[in-house]
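Participant: If you scroll down you'll find the structure; I have some questions about it.
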Amino acid sequence: MSALHDAGLGLAGLLDSIDDGKLRQVIRLIEASGQRLTLEPALAGLRPRLRKLRPERPLTLPRLLTTPFAAALDHDVGVASSFSIARQRLGYWQARITERLDPALLEAARAAIAGRSEDDTTAMIAAGRRLWPAVASVLAAEPVPDETTPIEAERLRIADLAGIAEQLVPRLASLSSSFCANDADDRATLGAILALATGAGPDRLGTLAAMLLRLARQPTALARRLPDLAPVPLRARLQSILRQLEAEHRQYLAGELARLGGDRSEPLEDAIDRLGKLADALVGQASAPLAEPAAELRALRHEAADLARERYATSIDTVLAPLPAVDAADRAGAIKTREEAARRLARLASIVRRLAPTTAVHELTGATVERLVDLGARCGRGAGTLVDIDDARLIEILAGPDLAWHYLRPQVGKLVAAPGAKGRTARRSTVAGE
């Protein structure tokens, strides 16, 4: 196990150092090898980067088996919630299912999905139509050795979801990527998913509701609308379930925020991704009808905004690193790197504003822009302008086109202060002809 752990750490370091094209190739090789689950610890740190690259993932047999209950997996390893399946036991359930299914059925499924991607819903449903009922049968029929109550609940939950997978999977796939209860098609689909719990055991409604909230970008906002979409006989029970799930979700968000605050060494890009997900989950939730949860959510939003602003404040000066000379061979690469850093910071600033509009970052940006202009002036750059075109582009990314143009336009010697530069010394500048 120690050797495997060390190998995983070595792989993680190697993958982190290669470019995007090579990373896509490596992920394709890992997927084709069937070792994705074994290597998951090494890939965990690359998830934010992989989300951006979105490498095509083949439709493998383990993925086909997992599809009916994938949305029921806990958010993270070791973070348990009601009506869920522990992520750390995913490999165990895949192995147990595979061992008990008819080999001929498995081989037919492999042949049906050969060369298909996981986005090919048609191929997935066609192959799963015969496979998923068999999964339901083998899991429902036989307890696992030394089965505990939580393990039994997971086994029966997977069996139940596999039993309705032919109806559930296409409905989940038809939801829009940022689904909510405002879109008519999404409302109809959400109602049809909840209706699958009609006449079923008590666990199914909770599991379906938990899956939908876990898939939603704004789960609490969705929870406010779900009861109106459910069949009337299910609404009272669903209300109770949703209150329980919302309380657990707030605890999860608070824990995630604590983890973010406790690890200030996390790479900025990863921290921005996690803060962005927190903002997605928290924004729009402070209008909850109960005063206490609303106050708790508002407090989480302000805490997250303060954390994001702190990361912004400690990172903004990175864009002030001087560029190579105009005729230097590495100047274009340095400009690209600096602009990518500025875009990350601009995204972080927008996250702060979403979480708490009163938590300002504009004064930090303004001070950095002023320092950038001062550095340019000391370098003697800009014949008739305060910045060159590359610095103006940086200012545009950070603070918008108006301020960039203010500094880029020709100057002839009249005192003019930058927009919003209250209290700062006016710069000797004006537009030619004014």
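Participant: Rounded to whole Hz and in sequence order, give me ³J(HN,Hα) for segment 329-345 from the Karplus expression 6.51 cos²θ - 1.76 cosθ + 1.60, θ = phi - 60°, writing x for Gly and Pro.
Facilitator: 5, 9, 5, 4, x, 5, 5, 4, 4, 5, 5, 5, 4, 5, 5, 4, 5
Participant: With N residues in segment 193-292, what two-decimal value do you get for its Cα radius of gyration over 2.2 N^0.38 Å? Don't skip to the end; give the middle numbers.
Facilitator: Values: Rg = 15.7 Å, N = 100, 2.2 N^0.38 = 12.7 Å.
Against the compact-globule rule of thumb, the ratio is 1.24.
Participant: Report ³J(HN,Hα) in whole Hz for each residue of segment 215-221, in order, from the Karplus equation J = 6.51 cos²θ - 1.76 cosθ + 1.60 where θ = phi - 60°; Gly and Pro get x.
Facilitator: 7, 6, 6, 10, x, 5, 4
Participant: Leaving ligands, DNA and RNA out of it, rank HIS406, HIS302 by accessible area with a 1.4 Å probe, largest first. Could you put the intermediate results ahead of the total?
Facilitator: On the way: HIS406 15, HIS302 85 Å².
Result, largest first: HIS302, HIS406.
Participant: Mind checking Rg over Rh on segment 107-202, alpha carbons, Kirkwood formula for Rh?
Facilitator: Working: Rg = 15.8 Å, Rh = 15.3 Å.
My calculation of the ratio gives 1.03.
Participant: Hey, with R₀ at 30 Å, roughly what FRET efficiency would ILE125 and ALA254 work out to, going by the Cβ-Cβ distance, to 0.05? Write out the running numbers ahead of the final one.
Facilitator: Details: r = 38 Å, r/R0 = 1.27.
My answer for the efficiency is 0.20.
Participant: Related question: Which cross-chain or sequence-distant (5 or more) residues have an amide H under 5 Å from the amide H of LEU73, H modelled 1.01 Å from N in plane?
Facilitator: ILE85
The values are calculated or read from the model by the stated rules, or taken from the named source; none is laboratory data. All figures in this text were calculated on a predicted structure; none of them were measured in a lab. For neighbour counting, all protein chains shown are included, and Cβ atoms are generated from backbone atoms with ideal geometry for every residue, glycine included. Ligands, DNA and RNA are stripped out before the accessible areas are found, and what is left, the full protein with its side chains, is counted by its heavy atoms. Shrake-Rupley method; radii C 1.70, N 1.55, O 1.52, S 1.80 Å.
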